[in-house]
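Q: This is the structure, below, for whatever I ask next.
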Amino acid sequence: MSLTDTAPQARRRDLRIPLAAILVVAALAAPFIGTRYVTHSLIIALIFMLPAHGLNLLVGYTGLLSLAQAAFFGIGAYTAGLLAVHYDTPFYVNLLAAGLVSGLLALPLGIPALRLRATSFVMCTLGFVIIGQAIAKNWISVTRGDMGLSGIPKPYFELGPLSFTVTGTTSFYYLALAVAALGTLAAWAIVRSPAGRNMVAIRENETLAESLGVPTWRYKLIVFMISAAFAGVGGSLYAHYLTVVSPLTFQMYYSTTMLIIVLGGGAGMISGTVFGSLLFVGLTEALRVAPEVRMIAYGFCLLVLVFWFKKGFAPLINRFWNAIGGSK
Amino acid sequence: MNAHLPILEIKNLSKSYGAVKAVNDVSMHINRGEIAGLIGPNGSGKSTFFDCSTGLARPDTGKVVLDGQDITGWSLNRIAREGRMLRSFQKTVTFKALDVEENLIIAGQMFTFPTLASTFGLGKLSRSRIAALRERARELIKMAGLWDVRHQPAGNLSGGQQKLIQFASMLMPEPKLILLDEPMAGINPKIIERVVDTIQYANKSLGVSFLVIEHNIDVVTSICQRVVVLDQGAKLVEGLPHDIIQDQRVREAYLGG
Amino acid sequence: AETIKLGIVAPMSGPNARYGGFSMHGAELAVKDINDAGGINGMKIELFNADSQGTPVEGVSATRRLIDQDEVSFIIGDVSSSVTLAMQPVAEDAEVLLLNAASSNPKITYQAGVGGFKWTYRNYPTDENRALVVAKYAAEQRGFTKFAVLSVDSDYGRSAVTFTKKYLPDFKGEILSEDYYKEGEVDFRSVLAKIRDNGAQAIIMYGLADTTPIIARQILELGLAGKVTLIGNGEFNTEKTIKAAPKAMEGAIEAAAWLPQYDSPASKAFVEKFTAAYNEAPNNHAYVHWDTVNLLAQAIKEAGSADKEAVREALSKIKYKSPVGDVTFDDHNQARLPMILLQIENGKPSIKGAYTAEIQYPAN
Amino acid sequence: MFSTLLEQVVNGIVTGSVYAIVAVGMTMIFGVLRAINFAHGEYYMLGTFGAWFATDYLGLSYEASIVVGVLSTVVVAYVVGQLVMRRMVGAPAESGVLATLGVALILQNTVIFVFGGGYKFFSGGYIEPVSILGFTLAEQRIIILVVCLLVFVGLELMVTYSRLGMAMRAVSQNVECCGVVGIDVPQVVLRTFVLGAALAALSGVLTAPVNVSVYGGMGELITFKTLPIIIMGGLGNVRGTFVAAMILGIAESLVATYIGLQYRDTVGFATLILMLMWRPHGLFSTQARF
Amino acid sequence: MVADSNLSIKGLRAGYGNLDILNGVDLDIPAGQFVALMGPNGAGKSTLLKTLYGMTTVKEGSIDWRGEDIAASKSRAILGEGISFVPQGRCNFPVMTVDENLQMAAYTIRDAKVKADRDYVYDLFPILKTRRSTLAGNMSGGEQQLLEVAMAVLQRPKVLLVDEPSVGLSPAAIGIVFDELLRLHADGMTILLVEQNTKKAMEVAQRAVILRLGKVIWDGTPEDITHDELGELFLTGKMRGELEAAH
Ligand SMILES: Nc1ncnc2c1ncn2[C@@H]1O[C@H](COP(=O)(O)OP(=O)(O)OP(=O)(O)O)[C@@H](O)[C@H]1O
Ligand SMILES: Nc1ncnc2c1ncn2[C@@H]1O[C@H](COP(=O)(O)OP(=O)(O)OP(=O)(O)O)[C@@H](O)[C@H]1O
Ligand SMILES: [Mg+2]
Ligand SMILES: [Mg+2]
């Protein structure tokens, strides 16, 4: 029951537009409000938001629990890193390349993986991460193995007269913000389209969807590729921001992080993922006050999430959003 | 297409699971614009026959020809989308977390958005199409007497109500042919009358052909123009409803005295 | 008086915590002693620790926090090289002094000092130095020519072996087999059997301290003890390790930055204090962090103030007496450290000398 | 040449039997909960720590330390089971992943917090090599092999014939229906979970003497080794798990010998993926029609 | 054995979560009565049975059985009290054989007579015997329906709650099932049968109860109501008589 139903004292003013406006302003002003540390944390949130959006399309909408995001994240990071280091290409090229390479690699990986169901699929996707790391470690001629790629240059844009390089935390924040915003918009567009509805159908009951003419196989493959592309784009930001890419980028820790973001925010809800990434980074950073017990506390937070916020924070956001929506 | 041909023709279909010959060399056809019935004792292979004709299961042998086109080996979704032949399941299945309206709209999308690419559209066109589907869905919801619960998640509805959603979904797009597996099971008598009317309306006015598996003999006799009886995977008899129910073999195998 | 704010970035949680724990304790101990002794020119050191979990993202977050939230002016960290590499630009643009005490990736100082990052210093030997010393001794003193590689699959293990390969030809040494193990690997029987069959005389092992005893035991298990010798680095010399499989460790050759048994008053005192404070014997990570804090302290003393810039100047021309010898920095902010070479003889490490070598930096 | 091969196969079997004992617990837990237990390796770690504590602090014999290790783990598992696992009944796979990850973080880092992150040495056990078929093995490994066989015979019988075994299978197939026929699902889940954890602990204690070093993070790796095994074995399938564990063990030692140790950890998942291409439902799994 | 084994439901208000489906159901079922519970889809019939079996949340009212209120008890306890339930839709263990399913049905029963019972139900439903080692999930819809009835019968209950057993059954099979129900009833079992197949239900039952929107709107013997009236009730909830009265 959303609050609007239980709010007969009619004609409250719709506060959603003003609130949205405030949020936008806040997002834009953030670097000037908080310290560089805060800005940095926000950048991390924005970087992880992209793969999380991708994952949300898979888990939240299509019902495919995947742990492969870290693999595609890593592939994207390496792609961008290698381009930047060897060919010194402008940022948008690296970003697009990262998305493209990850997205395309998802095809050969997805074809076998998506034939599997439930847990087998999960494990297969986890396998991609492990194998990805092994490749990053041993394909030394390209990845420089464990040495990793370091000294990845700052992102720059080549726009004839108004070419510029993104230096410093603040400007990187705006870059990340822009990319994340576009990503969010794209994800939103996908789930709002009829395709989004078909994806949900697949999540709810694949055979029934099939019988109603939904080409589930093709959808799953496409969504898998899209989500990989999202991860790749995130990876390119990651590479440019941390200036280092090492085989460590392929680790389950990142995959689960993204999963936590999606489920914490509320699977099957775009705003949930946006909120989730902020929540996640906020939480882990907040817990730094007690370094010794940080991860223990984090573990408990996960349990709280699972048992008290079964659907993540999405329902709360909804309630709130409708509540301030005034009455129709 | 050539109107004299039967809409669906199945030749020598067989399917066995281990020792069990679920369907054993069954041939049958459905004429254009016909409502045919498929009956038989439990475990006689009716559902398996459906599964094999609609691509859910692969027949061991046999040929399925839909509207002159050989669709043997097509996937379930292709048969539904391109072949325009839909089927309902005996086991009640719905998109549990979605409300009744959404359940029906999903069913409607398959012909309204023919290509995969078109489903990603967000423009005016796709919005208006969806709106149209919603209208249609509401009609069917009224028919099924689900109006009061149309915004409830399907999973929260009663067994019969879910069965009705399944039936309504079949009519959301305009298919050529619908295969129904026990549509009346667990539906209360009054609604059964409506479902029957709806089937006949769809058949007369929209020219949809039907093949209906049903254990409710009254319904079978009242709507079917022709009935095929399976027994132990094989075709026992075929004929007009009232002849069938008189048939001695059918009485023994199916009606039970 | 004002306090000197010092941050430690190290893995405190997760699998890598087994390094972070020691690092932290080492630093704590040093800080405590300095403060008890009245601080540095009256200024006390305030220690902040931040968890890196051994991953770059977390490491950078930790660094950022130390810099902006805790406003430290000096940072020591991290253990894992890729984390350190990611921290470098952060420290650089915040102009905070980053002292690394435990990562061995050569790039860290290739790109420091004249190489670029002015604010990064490393008080830890490079693998190159290590590899050279070991190879030389093994070949010349022990006459080994057939080697098998069994090192940890990390930048440390890999680069140490790369450098070994660079020098081995000078000593007519050849490598018969090459294997790298993942952190936490526990089953080496297969590889050891292979080594047994290919008849290598020595196993080049740049490994993890906690894995050495496992390998030693399995050498024992396969009856290789005495037939093949471990050479390289990975706490061959600690009592625990030797106790785990004495026969297998006998004759092992190691090049270490430090070892608990090292016979100098400072070192002995450290071992005592540490064991008393944390009732476990210190390891290498504990030592290097303890030592680096003291190094920083002396730099501050010499600078006469806690001003970052001044301290950096001081550090560049410092002549620091560490328990194992004199420490100076080259133009890449890489410490010239004596590398102690030791050999296990009847269950005890015996020191064969300390070597310091100049590093040839790749031209760029 | 052949003798090396044989030796490696034996090595593989020895390694495999360690994996097997851990994996079977995990697979049974999956059976009743439909949840991948990412914390499973932590019970292996707890068992080892318990035994280490017994020998180092309490100065008990190795045999006694086995008991201490397993029992202490059982206690922890019981608590976790009561507070977390039994509440996972009917929860979606995702929450299973999160909850078990949470438990893993808590167990692992609590141990690190209490005993310090540094690695400890495990003394005790029977590490003297004995020689069979021309090559040598630590006695301890033979013990492991024997225990593994016993465990599996026992479990196989239990699952097929005992009440609990039947109930476990029932729960794994249709929870609602269990209520109808009067099976106390949370109880079954709890028992299965504790049993599984105990087995992991046992495996940990048995391997401690040969694996020597003990530290908080050691469980994670075991978890990762186990995951591909339980899938290959066909989730919830005891016999399958055993075979899969052996396959993985042997594959690993062959790769380590003939390709290189650095690829060892990839073997598990590589084998898994290849196998799944060929048999999408695992080596031994039955599943019903739609 | 408590003397009074009537099942009496008083002012029962129950549903799912905070959503009430049954609002005030009163029903007294004397021991050994055969009651047919009917009503439109979504009336709350299954909800009532589930509630009697302790599978919903009860807000108000009591369910007295053998002198105690079982409204708050758990399914297992209720089963122990001699009440069995055959739910609507599928309820078996799909990857266990028919044999094992019957074994599970007798999970709570510890005596050896069960073995004999299994043969008894096999004689009852020969189809099952031929399928005894097929996986339940692979059987046909009807075969599974039979299996589920058989599972309940095996439990030898005092009261049998059975939800639409005729769904998916061929007329012949329906005959078998209903004959069996009658036999059980003859042996003194109390039966609460939910049916949409009203014709059949009216034939076998001693008493018809009609539920609509979670309330009992009609209660009497089958003789007192014609089939048309029944349909009328389902739709409008009123008897023709009342309708005329309204005009
Ligand atoms: N996957 C399978 N594995 C084994 N046997 C199967 C499988 N599918 C169907 N069968 C067997 O095939 C026979 C036919 O099943 P089917 O579901 O077609 O019967 P039906 O005519 O639909 O019966 P009902 O009227 O009860 O639905 C049954 O005896 C069933 O046991
Ligand atoms: N799990 C549930 N959660 C919420 N509401 C439910 C749930 N199950 C049923 N309902 C609601 O309760 C009402 C009654 O359901 P119930 O299953 O008792 O109907 P019924 O009389 O058995 O109908 P049918 O004859 O179709 O089985 C329905 O309107 C349905 O929407
Ligand atoms: Mg059927
Ligand atoms: Mg019902």
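We did not get these values from a lab; they are worked out from the coordinates using the rules stated. Predicted, not measured: the structure shown is a model, and the values here were computed from it. Positions of Cβ are generated from backbone atoms using ideal geometry, with glycine treated the same way; all protein chains shown enter the neighbour counts.
Q: Shape of the stretch C:9-70 from its Cα gyration tensor (a ≥ b ≥ c, root eigenvalues): rounded if a/c is under 1.5, otherwise prolate when a/b > b/c, or oblate?
A: Verdict is oblate for the stretch C:9-70.
Q: Note down the relative contact order for the stretch A:35-250 as a percent, whole number, built from C-alpha pairs under 8 angstrom at least six residues apart.
A: Worked out over the stretch A:35-250, it gives 46 percent.
Q: Oh, and also: Give me, ordered by chain and number, the residues 5 or more places off residue C:39 or on other chains with an amide H under 5 Å from its own placed amide H.
A: Those lying under 5 Å, H to H, from residue C:39: there are none.
Q: So, in nm, how far is label residue A:23 from label residue E:219 when the simple model puts each one 7 Å beyond its Cα toward the Cβ?
A: Placing both labels 7 Å along Cα→Cβ, they lie 5.4 nm apart.
Q: Same structure again: Treat chain B as a sphere of radius equal to its Kirkwood radius over Cα pairs and apply Stokes-Einstein at 37 °C in a medium of 0.692 mPa s; give the translational diffusion coefficient in µm²/s, rounded to a whole number.
A: Diffusion coefficient, whole number: 173 µm²/s.
Q: Right, another one. What do you get for the angle between helix E:171-186 and the principal long axis of chain E? Use alpha-carbon atoms, 0 to 90 degrees, nearest ten.
A: On a 0 to 90 degree scale, this one is about 80.
Q: Which of the aspartates and glutamates could a cross-linker span from residue A:310 if the Cα-Cα distance has to be under 13 Å and same-chain partners fewer than 8 positions apart are dropped?
A: Here the aspartates and glutamates satisfying the reach criterion relative to residue A:310 are D:94.
Q: Restricting to bridges with both residues inside the stretch B:144-257, how much of the DSSP beta-bridge set is antiparallel, in percent to the nearest 5?
A: Among the beta bridges of the stretch B:144-257, antiparallel pairing accounts for roughly 50 percent.
Q: Further question on the same structure: Efficiency by 1/(1 + (r/R0)^6): what FRET value for residue B:194 and residue C:33, r their Cβ-Cβ distance, R0 = 56 Å, to the nearest 0.05?
A: Step by step, r from the Cβ atoms, then E = 0.05.
Q: Kirkwood Rh over alpha-carbon pairs of chain D, then Stokes-Einstein at 25 °C and 0.890 mPa s: what D in µm² s⁻¹, rounded to an integer?
A: The Stokes-Einstein estimate is 127 µm²/s.
Q: Taking the Cα atoms only, what angle lies between the long axis of helix C:265-278 and the longest principal axis of chain C, rounded to 10 degrees?
A: Relative to chain C, helix C:265-278 is tipped by roughly 80 degrees.
Q: Based on the mean of other beta carbon atoms within 10 Å per residue, what is the order of E:19-28, A:233-242, E:137-146, most packed first?
A: By packing density, highest mean first, the sequence is A:233-242, E:137-146, E:19-28.
Q: Another question, then. Using the basic label-point model (7 angstrom from Cα toward the beta carbon), what is the residue B:242 to residue D:9 distance in nanometres?
A: 7.7 nm
Q: Let me ask you something else. Fewest first, what order do B:74, A:188, C:290 take by the number of other Cβ atoms within 10 Å?
A: Fewest-to-most Cβ neighbours within 10 Å comes out as A:188, B:74, C:290.
Q: So what's the Cα pair-distance distribution over the stretch D:76-177, bin width 5 Å, in %?
A: Distribution as computed: 2, 9, 10, 11, 13, 16, 15, 11, 8, 4, 1, 0 percent.
Q: Looking at the protein assembly as shown from every direction and averaging, what is the projected area of its Cα convex hull in nm²?
A: Mean orientational projected area (the protein assembly as shown, Cα hull): 61.0 nm².
Q: With an 8 Å cut-off on Cα pairs and a minimum separation of 6 or more residues, tell me the relative contact order of chain C in percent.
A: In percent, rounded to a whole number, it is 17.
Q: Return C:155, C:68 ranked ascending by Cβ neighbour count within 10 Å, so the fewest neighbours appear first.
A: C:68, C:155
Q: Show which aspartates and glutamates lie in cross-link reach of residue A:137 when reach means a straight Cα distance below 17 angstrom and same-chain residues fewer than eight apart are skipped.
A: A:146, C:153, C:155, C:178, C:179, C:183, C:185, D:265
Q: Calculate the dipole size of the protein assembly as shown relative to its Cα centre from +1 charges on Lys and Arg beta carbons and -1 charges on Asp and Glu beta carbons; express the result in debye to the nearest 20.
A: I would put it at about 1540 debye.
Q: Let me ask something else. Cα atoms only: what Rg and Dmax, in Å, come out for chain C?
A: My reading of the Cα-based Rg and Dmax gives 20.1, 67 Å.
Q: Past 21 Å, Cα to Cα: identify those pairs from E:50/E:215; C:146/C:194; C:268/C:308; C:172/C:348, in the order given.
A: C:268/C:308; C:172/C:348
Q: Kindly provide the Kirkwood hydrodynamic radius of the stretch A:127-278 in Å, to one decimal, from all pairs of distinct alpha carbon atoms.
A: Radius from the Kirkwood sum: 18.0 Å.
Q: Also: Apply the Karplus parameterisation 6.51 cos²θ - 1.76 cosθ + 1.60, with θ equal to phi minus 60°, to every residue of the stretch C:198-208 and state each ³J(HN,Hα) to the nearest whole Hz, in sequence, with x for glycine and proline.
A: 8, x, 5, 8, 9, 9, 6, 10, 9, x, 8
Q: For a quick check, take a GNM of chain E with Cα springs below 10 Å and name the residue from E:116, E:150, E:136 with the largest mean-square fluctuation.
A: E:116
Q: Which far-off residues, 5 or more places away or on another chain, put their amide H under 5 Å from the one on residue C:179, with H placed in the peptide plane?
A: C:149, C:150, C:151
Q: Quote the charge dipole size of the stretch B:20-119 about the Cα centre in Debye, to the nearest 20; the model charges only the Cβ of Lys and Arg (+1) and of Asp and Glu (-1).
A: Here the stretch B:20-119 has a charge dipole of around 200 debye.
Q: Moving on. For the stretch A:35-250, evaluate the Debye formula with one uniform point scatterer on each Cα (no solvent term) and list log10 I(q)/I(0) at q = 0.08, 0.11, 0.13, 0.18 Å⁻¹, rounded to two decimals.
A: Rounded to two decimals, the profile gives -0.29, -0.53, -0.73, -1.22.
Q: Within 10 Å of each Cβ in E:143-149, how many Cβ atoms from other chains are there, averaged over the peptide?
A: Per residue, the average neighbour count from other chains is 2.
Q: In addition: Tell me the net charge near residue D:127. Cut-off is 14 Å between Cβ atoms, residue D:127 excluded, with +1 for each Lys or Arg and -1 for each Asp or Glu.
A: That works out to +2.
Q: Okay, next question. Give me Rg/Rg_expected for the stretch B:93-172, where Rg uses Cα atoms only and Rg_expected = 2.2 N^0.38 Å with N residues.
A: In units of the globular-protein estimate, the stretch B:93-172 measures up at 1.09.
Q: Let me ask something additional. Compare A:274, A:25, A:93 in a GNM of chain A, Cα atoms joined below 10 Å, and give the one with the largest fluctuation.
A: Highest fluctuation of the listed residues: A:25.
Q: For labels at residue D:277 and residue A:154 in the simple 7 Å Cα→Cβ model, what's the distance in nm?
A: Using points 7 Å along Cα→Cβ, the separation is 4.6 nm.
Q: For peptide D:122-132, compute the average count of partner chain beta-carbon atoms within 10 Å of each residue's beta-carbon.
A: 2
Q: Rounded to the nearest 20 debye, what is the charge dipole size of the stretch B:140-213 about its Cα centre when +1 sits on each Lys and Arg Cβ and -1 on each Asp and Glu Cβ?
A: 140 debye
Q: Calculate the FRET efficiency for residue E:74 and residue D:83 from the Cβ-Cβ distance with a Förster distance of 22 Å, rounded to the nearest 0.05.
A: Computed FRET efficiency for residue E:74 and residue D:83 comes out at 0.60.
Q: Going toward the positive end of the dipole of the stretch B:93-172, with +1 on Lys and Arg Cβ and -1 on Asp and Glu Cβ, which of B:108, B:123, B:146 do you reach last?
A: Farthest towards the positive end: B:123.
Q: Okay, next question. With respect to the cross-link table entries E:10/E:158; B:21/B:96; C:5/C:301; A:311/D:225; B:190/E:200, which display a Cα-Cα separation exceeding 24 Å?
A: Violating the 24 Å Cα-Cα cut-off are B:21/B:96; A:311/D:225.
Q: Then there is this: Quick check for you: which residues of the stretch B:52-74 have the amide N under 19 Å from the point 7 Å beyond the Cα of residue A:115 toward its beta carbon?
A: Flagged as within label range: B:56-59, B:73-74.
Q: Taking the Cα atoms of the stretch A:1-154, what is the range of coordinates along each of the three principal axes, in descending order and whole Å?
A: Taking max minus min along each principal axis of the Cα atoms, the stretch A:1-154 gives 69, 44, 24 Å.
Q: Per DSSP helix of 4 or more residues, -39500 (n - 2.57); summed, then divided by the residues of the protein assembly as shown. What does that give at 222 nm, rounded to the nearest 500?
A: -16500 deg cm²/dmol
Q: In whole Å and largest first, what semi-axes does the C-alpha gyration tensor of the stretch A:98-215 yield when each eigenvalue is scaled by 5 and square-rooted?
A: Working from the Cα gyration tensor, I get semi-axes of 35, 25, 11 Å.
Q: For an R0 of 25 angstrom, estimate the FRET efficiency from the Cβ-Cβ distance between residue E:228 and residue B:221 and round to the nearest 0.05.
A: Given R0 = 25 Å and the Cβ-Cβ separation, E is 0.80.
Q: If I take every Cα pair under 8 Å that is 6 or more residues apart in chain B, average their sequence separation and divide by the length, what percent do I get for the relative contact order?
A: Answer for chain B is 26 percent.
Q: Can you pull out the chymotrypsin sites (Phe, Trp or Tyr not before Pro) in the stretch D:23-84 whose DSSP state is coil and whose Cβ has at most 12 other Cβ atoms within 10 Å?
A: Answer in residue order: D:57.
Q: Averaged over its residues, how many other protein chain Cβ atoms are within 10 Å of peptide C:82-90's Cβ atoms?
A: Partner-chain Cβ atoms within 10 Å, mean over residues of C:82-90: 6.
Q: Another question, if that's okay. Tell me, what HN-Hα J-couplings in whole Hz come from the Karplus equation 6.51 cos²θ - 1.76 cosθ + 1.60 at θ = phi - 60° for each residue of the stretch C:173-181, using x for Gly and Pro?
A: Per residue, the Karplus-derived 3J(HN,Hα) values read x, 10, 9, 8, 8, 9, 9, 10, 10 Hz.
Q: From the backbone phi of the stretch C:281-298, what are the Karplus-calculated ³J(HN,Hα) couplings (6.51 cos²θ - 1.76 cosθ + 1.60, θ = phi - 60°) in whole Hz, Gly and Pro given as x?
A: Once θ is set to phi - 60°, the couplings for the stretch C:281-298 become 5, x, 10, 4, 4, 4, 4, 4, 6, 4, 5, 5, 4, 4, 4, 4, 4, 5 Hz.
Q: Relative to the longest principal axis of the C-alpha atoms of chain C, give the angle of the C-alpha long axis of helix C:127-140, reported between 0 and 90° and rounded to the nearest 10°.
A: Taking Cα atoms only, the helix is inclined about 30 degrees.
Q: Project the alpha carbons of chain E onto their principal axes and report the range along each, largest first, in whole Å.
A: Principal extents (largest minus smallest coordinate, Cα): 62, 39, 34 Å.
Q: Sticking with this one: Could you sort C:100-107, C:6-13 so that the peptide with the highest average Cβ count within 10 Å comes first and the rest follow in order?
A: Order by mean packing, descending: C:6-13, C:100-107.
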